[in-house]
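What follows is a single structure, written as structure tokens, with notes after it.
The values are calculated or read from the model by the stated rules, or taken from the named source; none is laboratory data. On a predicted model such as this, the values are computed, not experimentally measured, just so you know. Positions of Cβ are backbone-derived with ideal geometry, glycine not excepted, and every protein chain shown enters the neighbour counts. In case anyone asks, the SASA skips ligands and DNA or RNA and just uses the protein heavy atoms, side chains included. Shrake-Rupley method; radii C 1.70, N 1.55, O 1.52, S 1.80 Å.
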Amino acid sequence: MTTGRSGVPVDNITALGGDVYEIDTKMAGFSGITAGYLILGDRPCLVETGTSTSAPVVRDAIASLGVGPDDLATVVVTHIHLDHAGGVGDIARHFPSAQIVVHEKGARHLAEPGRLMASARMVWGDRLDTLFGEMSPTEAERIVALGDTGTIDLGNGRTLNSHYSPGHAKHHVGLIDSATGDLYVGDAAGVYLPETGDLRPATPPPDFDLDIALGSIGLFKALQPQRLLFSHYGPVDAVQDTLERSAEELRVWVDLTRQAKSEGMDLDHAVAMVRDRTKERYSALTADEATAEQFELLSGAPSNVAGILHWLDRVSP
């Protein structure tokens, strides 16, 4: 637990060193699902907003760390999925001086989120409102669109350097801090559960591509970060081992899904088979029911298998 600038303990903030603070966004009321990160300094920067329904939680956490409405310089999201960027419009409204930074392939959806929300509602149905809420639009003139690489000024010569890393999503970037060597991996390295040490892939439709995803992990290795900061969830020091494991998990899930497809299974049967064949890999699934539910929410087998099947249909119809 971290004590805010007011001296009041704040139970959803963890100091990580290097003026970096992890903020539990309390997605859908859960703890340990989605993290945002505040980098303090001359030009404070928020990495990931969480969902729209999390925006008040994130706003209050930022305020407790001494950052006022006009002090936040930058908000940057690794990609535009609603658990990472659903709160961008709300946070932008709370912090009117902040620039909003996103990859160029996601920029228009932050300005005009209607199509993104309609797509999400098709996937999540009535659960959308509970899990994510509604993304509010961000003024187009405040959005900074990144290309394959980009630099975000954190002040005093410190920068956050952006690297295009699709595979999970075509609008995904990884971000490395020049001062700490922290690499914000978004979902490109999968999802990590600190309670159990489990790591599971995140391969949702429609953008998943195995070769591109493995290339992004290779890029992350080449950047030689000092630490990985997962949006789901938290810091990991064993950088190279964890990235190797990320690649292994992708290959396991793709191989099993490919087998299910070759045997003519429909989605439900493929999900059941892959879930059964991988369950021994994850201690979270044999832990208490709440932990298993949390892990499935983070990286659901139906979404993962559907994304892999969608890719397989493209590359080997």
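For residue 170, the lysines whose Cα falls under 22 Å of its own Cα, not counting residues fewer than eight places away in the same chain, are 105, 221. Only protein atoms count toward the accessible area here, which uses a 1.4 Å probe; on the chain, the carbon and sulfur part of that area reaches 49 percent. Accessible area per residue (1.4 Å probe, heavy atoms of protein chains only) ranks 245, 127, 227 as 127, 245, 227, with the largest value leading.
Of all beta bridges that DSSP places with both ends in the chain, some 70 percent have antiparallel geometry. Semi-axes of the equivalent ellipsoid for the range 138-235, computed as √(5λ) from the eigenvalues of its C-alpha gyration tensor and ordered from largest down, come to 22, 18, 13 Å. Here nothing in the chain passes the span test, since no DSSP H helix has an alpha carbon length of 27 Å or more along the helix axis and a Kyte-Doolittle mean of 1.0 or above.
The slack in the chain from residue 149 to residue 276, taken as 0.36 nm per residue of separation less the alpha-carbon distance, amounts to 41.7 nm.
To the nearest 20 debye, what charge dipole does the range 240-317 have about its Cα centre, counting +1 at the Cβ of each Lys and Arg and -1 at the Cβ of each Asp and Glu? The partial results should precede the final answer.
Working: 9 positive and 15 negative charges, 67 e Å.
Computed charge dipole of the range 240-317: roughly 320 debye.
Among 215-223, 259-267, sorting by the average number of other beta carbon atoms lying within 10 angstrom of each residue, highest first, gives 215-223, 259-267. Dipole magnitude for the chain: computed about the Cα centre from +1 point charges on Lys and Arg Cβ and -1 point charges on Asp and Glu Cβ, it is near 440 debye.
Over the range 1-110, give the accessible area per residue in Å² for a 1.4 Å probe, as an integer. Could you put the intermediate results ahead of the total?
Numbers: 3630 Å² over 110 residues.
Solvent-accessible surface per residue comes out at 33 Å².
Annotation: residue 124 carries an accessible surface of approximately 90 Å², with a 1.4 Å probe and no ligand, DNA or RNA atoms counted.
Straight-line cross-link partners of residue 261 among the aspartates and glutamates, defined as a Cα under 14 Å from its Cα and at least 8 positions apart when in the same chain: 313.
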